[in-house]
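Beneath this line is the structure, given in structure tokens, with notes to follow.
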Amino acid sequence: MDAAEFRKRGKEVVDYIADYLEKIDQRQVFPDVEPGYLRPLIPDCAPQDPESFEDVFKDIEKIIMPGMTHWHSPYFFAYFPAASSFPALLGDMLCSGIGCMGFSWAASPACTELETVMLDWLGKLINLPEEFLAVKGGQGGGVIQGSASEATLISLLAARTKTIRRVQSEKPELTESDIMGRLVAYASDQAHSSVERAALIGGVKIKNVSSDDTFSVCGSALRKVLDEDKASGLIPFFFCATLGTTPCCSFDKLLELGPICNKENIWMHVDAAYAGSAFVCPEFRHLLNGVEFADSFNFNPHKWLLVNFDCSAMWVKKKADLTGAFKLEPLYLQHHHQESGLVTDYRHWQIPLGRRFRSLKLWFVLRMYGVTGLQEHIRKHIRLSHQFERFVLQDERFEICAEVVLGLVCFRLKGSNELNKALLKSIDEAKKIHLVPCHLREKFVLRFAICSRTVESTHVKFAWQHISQLATDLLKTWEQGHHQQ
């Protein structure tokens, strides 16, 4: 393919993507295929001779689309949003076209410097304390990671290195392995599984801290487990606080937890993967109060801020804590500006060496939506979640299981877990909308997350009417079945 054909085909692909997104509501949100569906549809091995673009492209509808879950459908209410917008797609196309590997400032100065500035823009937008920004002469700064899972892992590994060095300076007789065996990390019993996975990769113990009746961790719960562990000779070193938990969007109490972590030399990482985007609205910024005590903070613009995956924004108060843990300087990666104090080499802030020019799509979105456009997007989603909440509350067969703060509603039929599993099964089988469940304590709960950029009140109303009708049908057969028993 030469540049002339690329121009022609590129326009066709853009038209296809625009049509796909414009008419996505006409596609069934969840696929009908069974595992292994794809292999019989394609040859056993790669073609010996080149194939035409037409032949390749016609297979998209034939082979790929039948197996897609349409995350951007207005009938997709599962997980959390996966952001997408036309400005972000254009920025990502440009990123792919330029194709730089921005591991150091010298590898492409614009790639590094735009990222630093965009993370400052974003930090100011959510009113992060200045210590987290890359202000002149400051110790903090921001970086784009691939996912919140990576941000948690990076912060845990940096905390591990920092703690080992501190303990060894206090007790030189202890070896690194002595200390490693005693390190323990903490997170809420509602925290995402990626926190436990970070501890697994980091080779350290992790313990759950019990959440209260609002599914939040408070200071007294953390204090209790810390005192027990310190008494038995363990070394607490890391706590991951969650703002907007995955099961029910609950918020750990940073104002209580932060001072404890600071006093005990425990690194506090704040994971606001989903909820962080809401802090662009002043009326939700109070949910971030207490972040001033944190060592690191992360949220995903690729969830709810119209920047398509991957773009996970992470800030640290002391960038030296990251670079001190991960810095290696082979000759082939060095450049003559690196000791100037004026440049950032982001390879020291992350797990991979290579990195894409992800700040381009963030720049496009921040400029083409503006603060007001982003705020309206968030507020619209939250209005729609409260609309769904009202539908649930008006039907005495159902109950709300956690406070609706942002764009997630946790609800269920009053009754057994088996009844609610049966309701979800009938929703899954109908394939008109897509939901996923969670456990809140012993209850099996359905999650209704407002996800799509294009979702409207009519889609939410349709979803509720559909769920309500399926519940009616289910309760009839359920009662008959129980009478017969």
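See the values below:
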quantity	calculated
Per-residue ³J(HN,Hα) for the stretch 423-437, Karplus 6.51 cos²θ - 1.76 cosθ + 1.60, θ = phi - 60°, Hz, x for Gly and Pro	5, 5, 4, 6, 5, 4, 5, 6, 6, 8, 9, 10, 10, 10, x
Hz values of 3J(HN,Hα) by residue in the stretch 52-66 - Karplus curve (6.51, -1.76, 1.60), Gly and Pro given as x	7, 4, 4, 5, 5, 6, 5, 6, 4, 5, 6, 10, 7, 4, x
For residue 267, residues with placed amide H under 5 Å, excluding near neighbours	238, 239
Built amide H within the under 5 Å cut-off of residue 409, gap 5+	448, 449, 450
For peptides 431-437, 306-312, sequence by mean Cβ density within 10 Å, most packed first	306-312, 431-437
³J(HN,Hα), Karplus 6.51/-1.76/1.60, whole Hz, each residue of the stretch 367-373, x for Gly, Pro	7, 8, 9, x, 4, 5, x
With every protein chain in place, the chain: carbon and sulfur % of accessible area (1.4 Å)	56
Label-point separation in nm, residue 417 to residue 443, each point 7 Å along Cα→Cβ	1.4
Dipole moment magnitude, nearest 20 debye, the stretch 371-483 about Cα centre, only Lys, Arg, Asp, Glu C-beta charged	240
Most to least packed among 199-209, 274-284 [average Cβ atoms within 10 Å]	274-284, 199-209
Potential lengthening between residue 49 and residue 101 on full extension [0.36 nm per residue; Cα-Cα distance subtracted]	15.6 nm
Values of log10 I(q)/I(0), in the order q = 0.11, 0.16 Å⁻¹, for the stretch 371-483 under a Debye, Cα-only, solvent-free model	-0.36, -0.73
Solvent exposure of the stretch 100-356 as accessible area per residue, Å², 1.4 Å probe	40
Spin-label zone in the stretch 47-70 - amide nitrogen under 18 Å from a point set 7 Å from the Cα of residue 11 along the C-beta vector	53-54
Spin-label pair residue 320/residue 90, simplified geometry with 7 Å Cα→Cβ offset, distance in nm	4.3
Peptide ranges 83-90, 394-401 listed from the most packed, as the mean C-beta count within 10 angstrom indicates	83-90, 394-401
Charge dipole magnitude, Cβ of K and R +1, D and E -1 - the chain, Cα centre, debye nearest 20	700
Spacing of the two label points (7 Å from each Cα toward its C-beta) at residue 139 and residue 60, in nm	5.0
Spread of Cα-to-Cα distances over 5 Å intervals beginning at zero, given as percent, for the stretch 143-189	5, 18, 24, 19, 15, 11, 7, 2
Overall dimensions of the stretch 100-356 by Cα: Rg and Dmax, Å	17.9, 56
Extension gain, residue 255 back to residue 2 (0.36 nm per residue minus Cα-Cα distance, nm)	85.2 nm
Contour excess over end-to-end distance, with Cα ends at residue 228 and residue 168 and 0.36 nm allotted per residue	19.3 nm
Charge dipole (debye, nearest 20) of the stretch 3-77; +1 at Cβ of Lys and Arg, -1 at Cβ of Asp and Glu	220
Charge dipole of the chain about the Cα centre (unit charges at C-beta), most positive-ward option of 460, 72, 10	460
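The values are calculated or read from the model by the stated rules, or taken from the named source; none is laboratory data. Treat the numbers as computed from the prediction; the structure is a model and nothing was measured. With ideal geometry, Cβ positions are generated from the backbone for all residues, glycine too; neighbour counts draw on all protein chains shown. With ligands, DNA and RNA removed, areas are computed over all heavy atoms of the protein, side chains included. Shrake-Rupley method; radii C 1.70, N 1.55, O 1.52, S 1.80 Å.
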